[in-house]
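J.: Right, I'll just put the structure down here and ask away after.
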Amino acid sequence: MIPAAQPLIGAEERAAVDAVLQSGMIAQGPQVAAFEDEFGAFVAGRECIAVNSGTSALHLALLAMGIGPGDEVIVPSFTFAATANAVAVAGATPVFVDIAPDTFCIDPATIAPAITARTRAIIPVHLYGHPAAMAQIMDIAQEYELQVLEDAAQAHAASLEGRPVGAWGDAAAFSFYPTKNMTSGEGGMVVTGDPELARMVRLLRNQGMEKRYHNEVAGLNNRMTDVHAAIGRVQLGQLPGWTRQRQDNAAFLDGALQGVTTPPVRPGAEHVYHQYTIRVPGDRDAFVAALAERGVGSGVYYPVPVHRLPTFALDIDLPHTEEAARQVISLPVHPALSRADLETVAAAVNEVAAGVPA
Ligand SMILES: Cc1ncc(COP(=O)(O)O)c(C=O)c1O
């Protein structure tokens with residue numbers, strides 16, 4: 001079976017972990033500081049604060065923005081649940097809006113109608129590695145005095161109009177979960193251009209302390225360890241090459257697939273293909289099963305819109321979200337694929353699509 005995702009961990013990561021273990025300093029230390037510095041090069045030099053997951057990055061950024069009970073935050077429903085969970089766990093209310101059907105990212109036209117007197121922020125998600133329409137979103141945020149937190153969990157090194165994701169909003173959250181475009185095992189990064197916000201995130205990740213036992217605010221322990229940062233630093237070095245490989249693999253699939261809708265890229269956008277997501281005709285789950293029979297793994301991200309999950313259980317009408325949840329399949333696009341793997345994927349998709357009754 002060609003896997004839908006495959007973390008690439010090699011000898012360099014193992015050596016880096018071993019060096020940390022031998023140093024005896026395994027909690028947050030010099031590796032975390034170096035990882036933060038080095039990640040800055042991918043987000044236009046903004047300040048980076050490493051944490052223990054992408055969810056923690058979203059959560060701490062929201063807390064540092066002062067968002068809590070009584071506040072509303074506009075989020076797309078077509079995303080991983082973590083985007084909305086972070087809002088709910090911060091005590092605020094996620095307000096779900098629809099996506100643009102081409103990019104699967106939040107549709108800026110749906111934002112203004114969802115704004116109320118309680119709205120404090122917008123969380124655009126750069127879904128699958130395609131940047132959300134940040135210029136329009138930042139204009140809306142400015143007009144209504146809202147904060148913007150980019151959910152860049154799936155979009156390391158993506159950019160729009162030459163500006164990297166993570167360098168548009170007031171803050172951004174990245175994830176280093178193993179299946180992401182780069183990993184630290186588990187981990188996340190808050191990115192911001194605002195020194196006060198950065199300081200608050202640093203406080204919140206470490207019990208509210210900058211100076212030991214001088215706790216300034218009530219915080220959490222969401223620190224990254226040096227073991228994870230050491231893995232992340234090696235992976236960061238591979239990120240540019242792996243991104244090009246994902247883009248080359250996507251270009252191959254764009255040219256080879258028939259009978260399905262391939263993912264378009266907006267002008268000015270650099271898509272990093274965390275997922276290569278197509279829309280298929282007919283019964284999507286039967287399509288997935290038929291691909292598996294042909295040795296092709298795939299994923300469905302996401303079969304249930306977040307507003308419909310039992311957590312939120314909202315009966316609202318988001319037609320593009322519902323349609324995407326019924327139609328999408330993500331195909332293997334990761335850098336470990338060979339040319340033969342890609343040919344197998346394309347042949348399987350084309351054969352299954354050709355067999356779907358019109
Ligand atoms: C869009 C999105 N937001 C947030 C997260 C949360 O990241 P993590 O799993 O590192 O907590 C993920 C990834 O899992 C994600 O895909």
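J.: Would you be able to tell me the number of residues in the range 291-300 that are among the hydrophobic types (A, V, I, L, M, F, W, C) and surrounded by 21 or more Cβ atoms within 10 Å (Cβ to Cβ)?
T.: 2
J.: Considering each residue of the range 174-196, count those that are surrounded by fewer than 20 Cβ atoms within 10 Å (Cβ to Cβ), within 9 Å of the ligand (Cβ to nearest atom) and over 17 Å from Gln238 (Cα atoms), and give that number.
T.: 1
J.: Does any residue in the range 173-194 that is farther than 12 Å from Ala50 by Cα and β-branched (Val, Ile, Thr) come within less than 9 Å, Cβ to Cβ, of a residue that is in a loop (DSSP other than H, G, I, E, B) and near the ligand (Cβ under 9 Å from one of its atoms) six or more places away or on a different chain, and which pairs are these?
T.: Cβ pairs passing all conditions: Thr179/His274; Thr183/Phe176; Thr183/Tyr177.
J.: Out of all the residues in the range 45-57, which are closer than 17 Å to Gly208 by Cα and surrounded by 24 or more Cβ atoms within 10 Å (Cβ to Cβ)?
T.: Ile49, Ala50, Val51, Ser56, Ala57
J.: To continue, here is another question. Can you tell me how many residues within the range 204-219 are out of contact with any strand residue (DSSP E or B) (no Cβ under 8 Å at 6 or more places or on another chain), surrounded by fewer than 22 Cβ atoms within 10 Å (Cβ to Cβ) and in contact (Cβ under 8 Å) with a residue 12 or more places away in the chain?
T.: 2
J.: Tell me yes or no: at least one residue of the range 139-156 is over 27 Å from Arg14 (Cβ atoms), more than 12 Å from the ligand (Cβ to nearest atom) and surrounded by 24 or more Cβ atoms within 10 Å (Cβ to Cβ).
T.: No, that holds for no residue.
J.: Among the residues of the range 66-86, what is the count of those that are open to solvent by 10 Å² or more (accessible area, probe 1.4 Å) and over 19 Å from Tyr144 (Cα atoms)?
T.: The number of residues fulfilling the criteria is 5.
J.: Can you spot a residue in the range 54-77 that is within 15 Å of the ligand (Cβ to nearest atom), assigned by TED's automatic domain parsing to the domain that holds Phe176 and in contact with a His (Cβ under 6 Å, 6 or more places away or on another chain)?
T.: Scanning the range 54-77 turns up at least one residue that is within 15 Å of the ligand (Cβ to nearest atom), assigned by TED's automatic domain parsing to the domain that holds Phe176 and in contact with a His (Cβ under 6 Å, 6 or more places away or on another chain).
J.: Answer with yes or no whether Ala109 is touching an Asp or Glu at 6+ places or on another chain (Cβ under 8 Å) and surrounded by fewer than 15 Cβ atoms within 10 Å (Cβ to Cβ).
T.: no
The rows are residues; the columns are (1) over 24 Å from the mean Cα position of the chain (by Cα); (2) surrounded by fewer than 23 Cβ atoms within 10 Å (Cβ to Cβ); (3) within 23 Å of Val265 (Cβ to Cβ).
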{"residue": "Arg279", "(1), (2), (3)": "no, yes, yes"}
{"residue": "Tyr302", "(1), (2), (3)": "no, yes, yes"}
{"residue": "Arg308", "(1), (2), (3)": "no, yes, no"}
{"residue": "Ala325", "(1), (2), (3)": "no, yes, yes"}
{"residue": "Pro332", "(1), (2), (3)": "no, no, yes"}
{"residue": "Pro335", "(1), (2), (3)": "no, yes, yes"}
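J.: Tell me whether the range 120-135 contains one or more residues that are open to solvent by less than 10 Å² (accessible area, probe 1.4 Å), under 13 Å from the mean Cα position of the chain (by Cα) and of a type in the set (Gly, Ala, Ser).
T.: Checked against the condition, which is being open to solvent by less than 10 Å² (accessible area, probe 1.4 Å), under 13 Å from the mean Cα position of the chain (by Cα) and of a type in the set (Gly, Ala, Ser), the range 120-135 yields at least one hit.
J.: Consider the range 118-151. How many of its residues are of a type in the set (Phe, Trp, Tyr) and touching a Phe, Trp or Tyr at 6+ places or on another chain (Cβ under 9 Å)?
T.: Total satisfying the criteria: 1.
J.: Another question, then. What are the residues in the range 87-106 that are open to solvent by less than 40 Å² (accessible area, probe 1.4 Å) and either in contact (Cβ under 8 Å) with a residue 40 or more places away in the chain or among the charged types (D, E, K, R) (or both), if any?
T.: Pro94, Phe96, Val97, Asp98, Ile99, Ala100, Thr103, Phe104
The values are calculated or read from the model by the stated rules, or taken from the named source; none is laboratory data. On a predicted model such as this, the values are computed, not experimentally measured, just so you know. In this analysis, Cβ positions are derived from the backbone assuming ideal geometry, glycine residues included, and neighbour counts consider all displayed protein chains. SASA here: full protein model, heavy atoms, side chains in, ligands and nucleic acids out. Shrake-Rupley method; radii C 1.70, N 1.55, O 1.52, S 1.80 Å.
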